[in-house]
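The values are calculated or read from the model by the stated rules, or taken from the named source; none is laboratory data. If you're wondering where the values come from, they're calculated on a predicted model, not measured in any experiment. Glycine gets a Cβ as well: all are built from the backbone with ideal geometry, and neighbour counts include every protein chain shown.
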Amino acid sequence: MSQAIQQKFVHQVIGHSSEQNRLATTKKLGKGKAPVNIALSKYWGKRDSVLNLPTNSSLSISLPGLGTETKIEVLNPQTTQEDQVYLNGQPLEASNAFANRVSRFLNFFRATPQTFFKVTTVNSVPTAAGLASSASGYAALVLALNDLFSWNLDNKALSLLARFGSGSASRSLFSGFAIWHQGQQADGLDSYAEAIETTWPEFCVGLLEIDVKQKPVSSTQGMQNTVETCALYQAWPKQANQDLQTLLKAIELKDFETLGKTAEHNALTMHATMIATWPPIVYWQPESVEAMHKIWHLREQGVQVYFTMDAGPNLKLLFLETEKPAIKQAFKAIKVLEPFKD
Ligand code: PMV
């Protein structure tokens, strides 16, 4: 049942031509490249897990210096009975969780059940940055499929397909700020992201690594547990959508203080719902909390710096270029990115 709904969604997005046309390849190889994105107003919770539809809209900034490059080709059915997935130069076993998830996504794009793909994915995200790469990963994979099948999809359709792979991937098709509209429709065709046409050259994001080990609870599992067991979660969608409106205004006015406060408060509110989940989800490490205190202390001293955090212990610092020396002085190992310059 859910597979039929998913297949219908994919068909609606990639067009109404015949199955054979849609999945016929004229090219040998498809390529795609997409940046990582960091949400300033987070996506946390699905209203529909079959189509990956969120309970709230979200807003992000892309980091063009970091991301994923993916190549895809159709394998010869005479010689292959399964997909081949390579991650950062390493072939993965079909049972590997990453390879398995990619293959399940690719099931929607096989011309026949005997069609198998070779997928080569390289993440330029340094492991040290501790950034989730599923957003850039699914955006790059969708771009590679679009190239392989010569679909010529527009950004809306690409974003819809990327969202289907991993929610936050809907926002990784764009540089700069992007907004993912939660949508209202049951068919999911109005839940996609688009770019916010603005530049802010002084805007900086600092990546502060605390721990880069695989997270104990995946975001999909974490969201589901939060929605099911956290009484505080009821307040989240309204708060997140209000934060998003505040952020849009702050971006328009280049009001950094409002942007920083809103993003930090939004991240802490999301983490509060996680902590109030059962079993509790605490992604923070003692060093994460230590870094928060350091940031609050810097703010007391007049340094305009804020942070955001995702489903992991690492912090992403938000500040303007003028504060770069103070930030580098306070956090020796920080990696500073300038999203509108990199
Ligand atoms: O796209 P997913 O399923 O990896 O979920 C991402 C969730 C957060 O990173 C915590 C928030 C967000 O909006 O990116």
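Things worth noting here:
- Residue within the stretch 229-236 that is surrounded by fewer than 16 Cβ atoms within 10 Å (Cβ to Cβ) and under 26 Å from residue 260 (Cβ atoms) present: yes
- Of all residues in the stretch 161-179, those satisfying the criterion of being within 15 Å of the ligand (Cβ to nearest atom), of a type outside the set (S, T, N, Q) and not in a helix (DSSP H, G or I) are 173, 174, 177, 178, 179.
- Qualifying residues in the stretch 113-123 (those that are in contact (Cβ under 8 Å) with a residue 12 or more places away in the chain and not aliphatic (A, V, I, L, M)) - the one surrounded by the fewest Cβ atoms within 10 Å (Cβ to Cβ): 114
- Unmet criterion (only one of (1) crowded, with 18+ Cβ neighbours inside 10 Å; (2) touching a residue at least 60 places away in the same chain (Cβ under 8 Å)) for residue 159: (2)
- Residue match in the stretch 55-77 (condition: surrounded by 17 or more Cβ atoms within 10 Å (Cβ to Cβ), farther than 30 Å from residue 240 by Cα and of a type in the set (S, T, N, Q)): yes
- Looking only at the stretch 124-150, and only at residues there that are at pLDDT 95 or above and surrounded by fewer than 22 Cβ atoms within 10 Å (Cβ to Cβ), the one that is farthest from the ligand (Cβ to nearest atom): 147
- Pair list, Cβ under 6 Å, 6 or more apart: the stretch 28-41 residue of a type in the set (Ser, Thr, Tyr), other residue crowded, with 17+ Cβ neighbours inside 10 Å and assigned to a strand (DSSP E or B): 41/58; 41/59
- Any hit, the stretch 328-335, residues being assigned to a helix (DSSP H, G or I), farther than 15 Å from residue 205 by Cβ and not assigned by TED's automatic domain parsing to the domain that holds residue 44: yes
- Meets criteria (modelled with pLDDT under 95, touching a Leu at 6+ places or on another chain (Cβ under 9 Å), surrounded by 17 or more Cβ atoms within 10 Å (Cβ to Cβ) and closer than 19 Å to residue 39 by Cβ) for residue 251: no
- The listed residue being over 19 Å from residue 115 (Cα atoms), surrounded by fewer than 23 Cβ atoms within 10 Å (Cβ to Cβ), of a type in the set (A, V, I, L, M) and at pLDDT 95 or above, out of 10, 50: 50
- Residues satisfying the criterion are absent from the stretch 268-289 (criterion: touching a strand residue (DSSP E or B) at 6+ places or on another chain (Cβ under 6 Å) and at pLDDT 95 or above).
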